[in-house]
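> Before we start, here is the structure in question, set down as structure tokens.
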Amino acid sequence: MRLLHTSDWHLGQSLHNFERSYEHQRFLDWLLDTLVQEQADALLIAGDIFDNANPSAASQKQLYRFLQQAKERLPHLNLVVIAGNHDSPGRLEAPGPLLEAHGTRVIGSVQRTADGEIDLEQLVLPLTGRSGAVEAWCLAVPFLRPGDVPRIAETEDGADPYLAGIALLYRQALELALSKRADGQAILAMGHCHMVDGQMSNDSERRIVIGGTEMLPAGIFDPAIVYAALGHLHLAQRVGKQEHIRYCGSPIPLSFAEVGYQHQVLRIDIDGAAVREIVTLPVPRAVELLRVPAKPAPLAQVLEELAALDVAPMEPEQQPFLEVRVLLDAPEPGLRTRVEAALDGKPVRLAKIETSSAARSASIDDDVMTLDQLEQLKPDDIFRQLYRQRFDNDAPPDQLSAFAELMLTPGQP
């Protein structure tokens, strides 16, 4: 049996106010072709399908068109979708009956029976092969909030009740899967969570913090689970150096921190009840992200590099996104105008100007302040300290004067 593992599409995401539907559509078209080329039996989509809980109609249309086309091109394909922390569980599940009629199963939240017990049957899904016979079982567990997990008042070892509840839910789902499976059938798990030691991608991931706890140990996945398909972290990685517990990462770069990163989808080949092979399938990048210069530099050098930037003409939706990185030792009021002038006529989209200073050793909290001391700080004191923190020198008189003028309220002398 062959599965593809993907997650964190973030349909509808914008990059510094530039919408990205073209890139997402190029990925979805590539994924359709890849599913056919690889002759996949199942596609596991591990959460954060949308970028926010109220996705646009266009984003929803992208998703549903993809699901419909995937089923048309591969009628035997199992499609399993779980909700992530960015998704609205209810919105994702709303078309569930229609989707299930076409072979897509969507798990947005943990359902409970009339007596308040967790409906484990909803989370344990059979995966069928081309013959229609069940070949594997999938624990399709969405992003879990405290109300979704079994209630544990306290644990003997003092473990966090939320983490203990998640571990118990996976155990209960596994026990049900074990009772259902026949000889030679594998058990897989899905989850949308932050595992211990997971590496985050700067600027593009929303931290999951519930009750002061966010990271789960790899031990929640029992050895009987031959593969765990995870979502949430945007960088593809193994968990705890274990080959079978994986984040596939996002399919497109969601921030400039991912400029040099090869995005991917994972292919998992299962032979009976065991994983035979895990293969990386690189996702082609539809639109380049550029950082100029490679490291922050003084403005004069930056302007020279921008003027020398050579980009081939292309359609507007294909033009690279550009982050300009400038090293400043004082504010530069005309910075954007000068950058835009250097880029005049070049087929790039200026998404971000990142400024930094050579030294930021001073900090407003270098010395711990009492609440009384903080209360005594006036706005201009804070401005002075922040200016020194950013530029490593004193604020000039004209800046102080401008700040004082800004702080004046109507009616004051």
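> Under 8 Å for C-alpha pairs, at least 6 residues apart: give me the relative contact order for the stretch 289-356, rounded to a whole percent.
The normalised contact order for the stretch 289-356 reaches 44 percent.
> What fraction of the Cα pairs in the stretch 289-356, stated in percent, has a spacing above 18 angstrom?
30 percent
> Next question. Given 37 °C and 0.692 mPa s, how large is the Stokes-Einstein diffusion coefficient of the stretch 11-76 in µm²/s, with Rh as the Kirkwood radius over Cα pairs? Show your work: numbers first, answer last.
Values: Rh = 12.8 Å.
Calculated translational D: 257 µm²/s.
> Just to be sure I understand: with springs between alpha-carbon atoms less than 10 Å apart, which residue in Pro150, Pro331, Pro161 has the highest mean-square fluctuation in the Gaussian network model of the chain?
Pro331
> Suppose every K and R has +1 on its Cβ and every D and E has -1 on its Cβ; what is the size of the dipole of the stretch 289-356 about the Cα centre, in Debye to the nearest 20?
The calculated dipole for the stretch 289-356 is roughly 140 debye.
> Pick out which of Pro55, Pro223, Pro284 has the largest mean-square fluctuation in a Gaussian network model of the chain, springs linking Cα atoms closer than 10 Å.
Pro223
> About its Cα centre, what dipole magnitude does the chain give when the only charges are +1 on Lys and Arg Cβ and -1 on Asp and Glu Cβ, stated in debye to the nearest 20?
In total the dipole reaches around 1100 debye.
> For the chain, set up a Gaussian network in which alpha carbons nearer than 10 Å are linked by springs, and say which option among Leu386, Leu139, Leu32 fluctuates the most.
Leu386
> In degrees between 0 and 90, to the nearest 10, how far off the longest principal axis of the chain does helix 299-308 point, with axes built from Cα atoms?
60 degrees
> From the helices alone, meaning DSSP H stretches of at least four residues, give me the mean residue ellipticity at 222 nm for the chain, per-run term -39500 (n - 2.57), in deg cm²/dmol to the nearest 500.
Values: 10 runs with 114 residues, N = 413.
Calculated at 222 nm, the ellipticity per residue is -8500 deg cm²/dmol.
> If you don't mind, another one. Relative to the longest principal axis of the chain, what angle (0 to 90°, nearest 10) does the C-alpha long axis of helix 57-73 take?
Tilt of helix 57-73: around 40 degrees.
> In whole Hz, what ³J(HN,Hα) sequence does the stretch 333-347 give by Karplus (6.51, -1.76, 1.60; θ = phi - 60°), x for Gly and Pro?
x, x, 4, 4, 4, 5, 5, 5, 5, 5, 9, 3, x, 8, x
> What do you get for Rg/Rh over the stretch 2-282 if you use C-alpha atoms and the Kirkwood form of Rh?
Rounded to two decimals, Rg over Rh is 0.94.
> Sticking with this structure for a sec: Given H placed 1.01 Å from N in the peptide plane, which residues other than close sequence neighbours of Leu43 have an amide H under 5 Å from its amide H?
Sorted by chain and number, the residues that satisfy this are Leu4, Asn78, Leu79, Val80.
> So, one more: Can you tell me the relative contact order of the stretch 2-282? Whole percent, Cα pairs under 8 Å, sequence separation 6 or more.
19 percent
Since every read-out is calculated from the coordinates, none of them should be taken as a lab result. Predicted, not measured: the structure shown is a model, and the values here were computed from it. Neighbour counts are summed over all protein chains in view; Cβ atoms, including those assigned to glycine, are modelled from backbone coordinates with ideal geometry.
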